[in-house]
Amino acid sequence: MNTQAFTIPPDPGSLTPLEVISRFAPHDDTLMSLLQTRAQALPHKELIVFQGRSYTYADVLREARASAHALAARGIGRGDRVGVISTNHPSTIFTLFALAHLGAIMVSVNADYGVAEVRYVFTHAGVRGVIAAPEALSVARSACAEMVPAPWFALNQAGPGAAPLLREAPGTSSGAAANPGAPPMSAATPDSTCILVYTSGTTGFPKGVMHSQKNVVVAGEGFVQRMHLQPDERLLCVLPMFHINAIFYSLAGSIAAGATLILEPRFSASTFWKVAHESGATEVNTIAAASGILMRRPRSEYMPGHRLRKMFGAPFDAETYRVFRDDFNMPHVIEGFGMSEIPGALNNPFAGERRVGSMGKPSLHPNPGFKLTELKIVDDDGNQVPDGSIGELALKTPIIMRGYFNDPEHTRSAFRDGWFMSGDLAWRDADGYHWFVARKKDIIRKRGENISGAELDRIIGNHPSVLEAAAIPVPSDLGEDEILTAVVLREGMQASAQEIADWCRERLTAIKVPRYVCFVDALPHTPTHRVEKFKMRQDKSLLARAVDLQAA
């Protein structure tokens with residue numbers, strides 16, 4: 001393989017990752033303990049900058065404690081789940097730490113989800129309460145209308161809506177602030193589940209990935225190693241806090257390093273460089289779709305005086321590396337690999353050779369005695385294959401999910417002899433770098449989202465004119481995938497590609513709406529009548545014959 005590789009050393013005089021995290025007193029591997037050690041050492045340093053407002057480490061600790069009291073006053077305790085639906089906002093961070101302090105669990109969902117999608121997640125999680133942005137409150141209420149017992153609702157910020165702020169007394173709509181009193185007793189342990197991240201799966205229904213407090217803490221420390229974070233780092237967070245990346249890497253990494261988080265409500269390509277320049281950001285995490293958009297935006301938006309020097313994400317091709325390093329003056333472009341179940345599993349080394357397009361090597365912890373990731377490539381029988389051979393990526397890591405919430409069957413099937421089976425095909429070269437090949441699972445990766453092909457098949461298959469449908473990934477010009485759905489119509493029935501898209505748009509969030517629709521006479525099937533999607537992926541005529549709704 002013709003591999004492009006390069007090495008860029010860390011800045012001279014910078015601290016080692018171990019030196020960075022060793023500046024603080026020991027913590028007990030809980031979230032609140034991690035925050036407390038940093039607030040004790042850096043009480044007046046900015047931790048969060050959000051739309052012109054700053055919160056110091058001491059401020060965030062105080063807000064988290066007050067939120068814990070408000071949640072306890074609403075009956076939230078150990079093991080309870082609380083839903084959050086909002087774009088990025090400091091209150092989500094306060095809520096995460098407050099719930100962790102109580103031994104409770106945050107269930108954050110996409111603020112763009114429709115009622116049906118929110119209903120499934122919040123009902124499956126059994127949330128006892130919902131904290132919503134004002135603009136998302138009506139969706140949350142509709143989604144939870146049939147839940148028994150009914151959850152309480154609170155707003156995360158001032159705005160219209162018939163619900164009090166979280167810190168107001170329950171049953172009020174404004175003004176009556178609850179007395180914070182003494183902070184409630186902690187019910188946290190390192191192994192306490194603190195977050196449920198719902199990720200699509202091949203069953204067509206999202207699965208709730210459970211992560212412990214220690215997982216988040218260790219992932220943050222691992223991110224200090226991965227990006228060689230320094231105490232004066234300013235991490236720009238444009239990815240959503242209902243996903244692993246923003247919480248496990250940007251937020252936890254900022255706190256672990258004693259650095260600052262520049263929090264944006266959402267990714268905006270048109271204002272990205274302006275925000276980066278004005279905020280003094282030094283590091284940013286991105287995904288292929290976002291970096292692809294930035295590469296194609298007018299160069300007039302680019303502001304050469306920015307301080308960004310580090311970018312983490314995946315997948316990146318050679319052109320992405322070239323543009324961000326040469327045109328955008330960001331020397332440290334680090335590509336890695338992780339999943340909701342196994343955050344931060346692999347990465348190209350910051351202080352070492354980086355191979356373009358590689359998933360990298362097993363991730364490391366700042367403490368060299370702390371083993372973070374073990375990897376192997378196996379065949380269908382679980383036997384390790386030699387270097388250069390393609391097989392399924394299997395992993396062991398202390399930052400692994402505690403399982404899928406209320407789903408023991410899928411939890412068991414995700415492991416084989418103690419190894420997590422990623423469902424991704426890959427190979428390892430002779431130097432220990434890993435290379436992604438394809439997905440075994442029926443997952444479409446679009447703009448950083450895992451989209452279940454089975455979910456789309458089920459939704460489109462419910463259309464009155466459709467006999468059968470199957471969604472597959474096809475290449476996107478922004479990186480990752482676009483969605484193509486092949487549709488078999490019922491005899492004597494008709495439907496247009498636009499009608500199929502509109503049907504999806506009414507029932508799913510916009511990112512799940514197929515771009516391509518191809519009407520076919522039949523789908524390929526196995527003897528047990530499972531659709532042979534691997535054959536569909538090999539059939540280039542499907543894309544050639546499909547209606548491109550974006551072009552239309």
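Each value in this text was obtained by applying a stated rule to the coordinates, not by laboratory testing. Treat the numbers as computed from the prediction; the structure is a model and nothing was measured. Cβ coordinates were reconstructed from backbone atoms using ideal geometry, including for glycine residues, and neighbour counts include every protein chain displayed.
Once both labels are modelled 7 Å past Cα along the beta-carbon direction, what's the LYS376-ASP232 spacing in nm?
4.7
Considering only GLN384, ALA163, THR286, whose Cα is most displaced toward the positive end of the charge dipole of the chain, charges sitting on Cβ of Lys, Arg (+1) and Asp, Glu (-1)?
The residue sitting farthest along the positive end of the dipole is ALA163.
Using the alpha carbon gyration tensor of the range 204-261, what are the three equivalent-ellipsoid semi-axes (square root of 5 times each eigenvalue), largest first, in whole Å?
23, 13, 8
Give the aspartates and glutamates reachable from LYS310 as a straight Cα distance under 18 Å; neighbours fewer than 8 places away on the same chain don't count.
The qualifying aspartates and glutamates are ASP11, GLU221, ASP232, GLU233, GLU264, GLU278, GLU283, GLU319, ASP326, ASP327, GLU335, GLU353.
Can you list residues whose amide H is under 5 Å from MET241's amide H, if they're 5+ apart or on another chain and H is modeled 1.01 Å from N?
So MET241 has HN proximity to ASN88.
Restricting things to Cα coordinates, could you compute the convex hull volume per residue of the range 46-88 in Å³?
Dividing the Cα hull volume of the range 46-88 by its residues yields 94 Å³.
Please list, by residue number, everything in the range 498-514 whose backbone N is under 18 Å from a paramagnetic label point 7 Å out along Cα→Cβ of ARG545.
Those under the cut-off are 498, 500.
Give LYS376/LYS396; LYS440/LYS533; LYS440/LYS535; LYS376/LYS440; LYS396/LYS533 a once-over and call out the pairs whose C-alpha atoms are over 18 Å from each other.
Those over the limit are LYS396/LYS533.
Under 5 Å between amide H atoms, partner at least 5 residues away or on a different chain: which partners does ASN450 have, H built in plane at 1.01 Å?
SER200
Using 0.36 nm per residue, how much length does the chain from LYS441 to SER465 gain when fully extended, once their Cα-Cα distance is taken away?
Going from the current span to full extension adds 5.9 nm.
With no solvent and one point on each alpha carbon, what is the Debye value of log10 I(q)/I(0) for the range 380-522 at q = 0.09, 0.14, 0.16, 0.19 Å⁻¹?
Results for the range 380-522 at q = 0.09, 0.14, 0.16, 0.19 Å⁻¹ read -0.39, -0.82, -0.96, -1.11.
Taking only the C-alpha atoms, wrap a convex hull around the chain and report its volume per residue in Å³ as a whole number.
163
Order of 145-157, 488-500, 421-433, 217-229 by packing, highest average Cβ count within 10 Å first?
Most protected by this proxy first, the peptides run 217-229, 421-433, 145-157, 488-500.
Using a simple charge model, +1 on the beta-carbon of Lys and Arg, -1 on the beta-carbon of Asp and Glu, nothing else, what dipole does the chain show about its Cα centre, in debye to the nearest 20?
Dipole size: approximately 780 debye.
Could you give me the ³J(HN,Hα) list for the range 82-88, computed from phi with Karplus coefficients 6.51, -1.76, 1.60 and θ = phi - 60°, whole Hz, x at Gly and Pro?
With the stated coefficients, the range 82-88 comes to 10, x, 10, 9, 5, 5, 4 Hz.
Evaluate Rg over Rh across the range 226-385, taking Cα atoms for both radii and Kirkwood's formula for Rh.
Taking Rh as the inverse mean 1/r over Cα pairs, Rg/Rh reads 0.98.
When the Karplus curve 6.51 cos²θ - 1.76 cosθ + 1.60 is applied with θ = phi - 60°, which whole-Hz ³J(HN,Hα) does each residue of the range 212-223 get, with x for Gly and Pro?
Those phi angles translate into 7, 5, 4, 4, 5, 4, 5, 4, x, 5, x, 6 Hz.
If we restrict to alpha carbons, what Rg and Dmax does the range 14-266 come to, in Å?
Cα radius of gyration and Dmax of the range 14-266 are 17.4, 56 Å respectively.
How big is the range 346-439 along each principal axis, measuring the range of its Cα positions in Å and listing the largest first?
Answer, in whole Å and largest first: 42, 32, 20 Å.
What is the magnitude of the charge dipole of the range 296-411 about its Cα centre, with +1 placed on the Cβ of each Lys and Arg, -1 on the Cβ of each Asp and Glu, and no other charges, expressed in debye to the nearest 20?
Around 880 debye, computed over the range 296-411.
Over the range 443-548, how many percent of alpha carbon pairs lie in each 5 Å bin up to the one with the longest distance?
For the range 443-548, the binned pair fractions read 2, 13, 26, 27, 20, 9, 2, 0 percent.
Could you give the length gained on full extension between ARG537 and SER496, defined as 0.36 nm per residue of separation minus the Cα-Cα distance, in nm?
Here the segment from ARG537 to SER496 would lengthen by 12.5 nm.
I want the antiparallel fraction of DSSP beta bridges within the chain, as a percent rounded to 5.
Looking only at bridges with both residues in the chain, the antiparallel portion is about 60 percent.
Based on other C-beta atoms within 10 Å, arrange THR16, THR485 from fewest to most.
THR16, THR485
Please give the contour-minus-distance gain from THR16 to THR123: 0.36 nm per residue of separation, less the Cα-Cα distance, rounded to one decimal in nm.
Full-extension gain reported as 34.0 nm.
Quick check on the exposure proxy: order SER22, SER108, SER33 from fewest to most C-beta atoms within 10 angstrom.
Sorted ascending by nearby Cβ count, the order is SER22, SER33, SER108.
What FRET efficiency do you get for ALA430 and ALA145 if R0 is 45 Å and r is their Cβ-Cβ distance, rounded to the nearest 0.05?
The calculated FRET efficiency here is 0.20.
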